[in-house]
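J.: Right, I'll just put the structure down here and ask away after.
Every read-out reported here was derived from the displayed coordinates using simple, explicitly stated rules and does not represent laboratory data. Source: prediction; values computed, not measured. No Cβ is skipped: glycine too gets one built from the backbone with ideal geometry, and neighbour counts run over all protein chains shown.
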Amino acid sequence: MNPSHDCRELLQAQLLGRNATDAARDDPLRPLLASLLAGRSMNQGVLSATLGLPQADFHDLWRDYFPGDALQLHNGPGEDIAELDDLLQLLLEYRAGVRASEVWAAHIVATSCCGRNHLWQDLGLANRGELSLLMGAVFPTLAALNSGDMKWKKFIYRHYCTREGIYVCPAPSCGECADYAKCFAKEE
Ligand code: SF4
């Protein structure tokens, strides 16, 4: 039995048991937001106490998605990165365009790219599968481009750099690259 895992599941279940608005309850991002909040409350990942969101957006998130007592959240060790606005812009361009919460997700993912670990860990999610769900639900066309299942942070940066014409890879194709394991090995 893993106490940290149990604690996260309990917190997540408590949050999901709250009376969200109808629109929030229908949002596939809601369970993932609950996991992000549970992770932050356990001081996992790098996000701030508002998950990297402006205070007003975080207030709206609580009000519509998890109304009730706020969790005790502390700021993680995240830091500003020069490319934050560019990453945010890229993610916003690929958002599904179905729900306003996609803008929150873009902020949250872009902000977490400052971390030193796998992106799902820097987000404070429970596992990589949750990040893959988030990417598929919020940025479906971008996620579909990751057909080789590259590590998510590597994939986002590679896409960003390729688009900007920045040559970042030591080989013309992944199959013949000495760094293959760095980009495609399991994110655990
Ligand atoms: S495996 Fe090599 S070529 Fe492929 S994305 Fe990684 S660094 Fe670039």
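J.: Please get the size of the charge dipole for the chain, origin at its Cα centre, with Cβ charges of +1 on Lys and Arg and -1 on Asp and Glu, quoted in debye to the nearest 20.
T.: On the way: 17 positive and 24 negative charges, 62 e Å.
Rounded to the nearest 20 debye, it is 300 debye.
J.: Leaving out same-chain residues fewer than 8 places away, which aspartates and glutamates sit with a Cα under 15 Å from that of residue 186?
T.: In chain and number order, the partners are 130, 149.
J.: Now a separate question. Can you give me the relative contact order of the chain as a percent, contacts being Cα pairs under 8 Å and 6 or more apart?
T.: 21 percent
J.: Expected output is a single nm value to one decimal: the length gained when fully extending between residue 182 and residue 161, i.e. 0.36 nm times separation in residues minus the C-alpha distance. What is it?
T.: On the way: separation 21, 0.36 × 21 = 7.56 nm, distance 1.68 nm.
Computed gain between residue 182 and residue 161 is 5.9 nm.
J.: Who wins for biggest fluctuation among 46, 103, 138 in a Gaussian network model of the chain, springs between alpha carbons below 10 Å?
T.: Maximum fluctuation in the GNM of the chain, among the listed residues, is at 103.
J.: Okay, moving on. Once each part is reduced to its C-alpha centroid, what is the distance from region 3-50 to region 115-188 in angstrom?
T.: 24 Å
J.: Right, another one. Say we join alpha carbon atoms closer than 10 Å with springs in a Gaussian network model of the chain; which of 79, 176, 93 then has the biggest fluctuation?
T.: Checking each option, the largest mean-square fluctuation is seen for 176.
J.: Taking the chain as a Gaussian network, where each spring joins two C-alpha atoms under 10 Å apart, which residue of 18, 128, 163 fluctuates the most?
T.: Maximum fluctuation in the GNM of the chain, among the listed residues, is at 163.
J.: Would you work out the relative contact order for region 1-77, in percent, from Cα pairs under 8 angstrom that are 6 or more residues apart?
T.: Value for region 1-77: 38 percent.
J.: Hey, if you put +1 on the Cβ of every Lys and Arg and -1 on every Asp and Glu Cβ in region 3-144, which of 90, 36, 115 ends up farthest toward the positive end of that dipole?
T.: Selected residue: 36.
J.: Going by average Cβ density within 10 Å per residue, which order do the peptides 80-87, 107-114 take, highest to lowest?
T.: 107-114, 80-87
J.: With a ≥ b ≥ c the root eigenvalues of the C-alpha gyration tensor of region 3-144, is it rounded (a/c under 1.5), prolate (a/b larger than b/c) or oblate?
T.: rounded
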